[in-house]
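Asker: Quick one: structure below, then a few questions.
Coordinate-derived values only; no laboratory data. Fair warning: this is a prediction, and the values are worked out from it, not measured in the lab. Here the Cβ positions follow ideal geometry from the backbone for every residue, glycine too, while neighbour counts run over all protein chains shown.
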Amino acid sequence: MKDSSLSVKHFGFAFILPVCAILVTSALWLGARSQYQASCLDCVPIPLQLAGMLNSPIALLAYPFYPLIQGDVSLLHLAVLLVAIALQWVYIGYVIDNRHIAPRRRTLGRCIAGTLGMLFAFGPLIVAIRMYHLGLLYKSAALLWFLLMAYHFSGFFRNVRPADSSATVSS
């Protein structure tokens with residue numbers, strides 16, 4: 001009889017990371033809305049900055065941040081943002097779940113995807129640098145995201161080395 005208990009092995013990071021990211025981001029957004037002060041139009045509450053640091057590549061969709069905390073927010077805008085956050089973390093979970101699988105060969109399609117990924121990696125960094133009202137910690141998180149994305153997408157350009165055939169197996 002199979003064990004019906006739930007564990008991480010049943011779901012993997014591709015399921016767990018997006019669920020956690022959506023829950024944390026939603027909680028931070030609700031916290032930011034409760035801290036919003038109408039008198040300070042240029043202030044971004046710390047919880048919203050934390051949500052932006054957690055999801056920096058997707059925070060581009062929310063730029064500028066003030067509509068997310070002022071007045072009525074479009075349900076469609078929030079839904080698109082949460083779906084994008086989920087997709088980001090599904091991809092990160094998928095990469096973590098498949099980290100021990102042999103890398104693929106370099107092809108034209110992988111080179112194009114790597115180039116687009118490298119270009120996209122600059123987005124969070126450029127937007128974070130331009131935002132004068134966000135602190136150094138937010139800009140550091142954007143730099144970290146840039147470095148991680150650049151490292152990941154640079155792997156799309158690597159050639160797979162063939163296995164070493166000089167090693168012999170002795171019986």
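Asker: At 0.36 nm per residue, minus the direct Cα-Cα distance, what do Val73 and His100 gain on full extension? Give it in nm, one decimal, please.
Answerer: Stretched fully, the Val73-His100 segment lengthens by 5.5 nm.
Asker: Here is a further query. In nanometres, what is the gap between the two model label sites at Cys111 and Val24, each 7 Å from Cα along Cα-to-Cβ?
Answerer: For Cys111 paired with Val24, the spin-label model returns 3.7 nm.
Asker: Also, quick follow-up: Among Tyr151, Tyr138, Tyr94, rank each residue by its count of other Cβ atoms within 10 Å, from fewest to most, as a rough exposure measure.
Answerer: Tyr151, Tyr94, Tyr138
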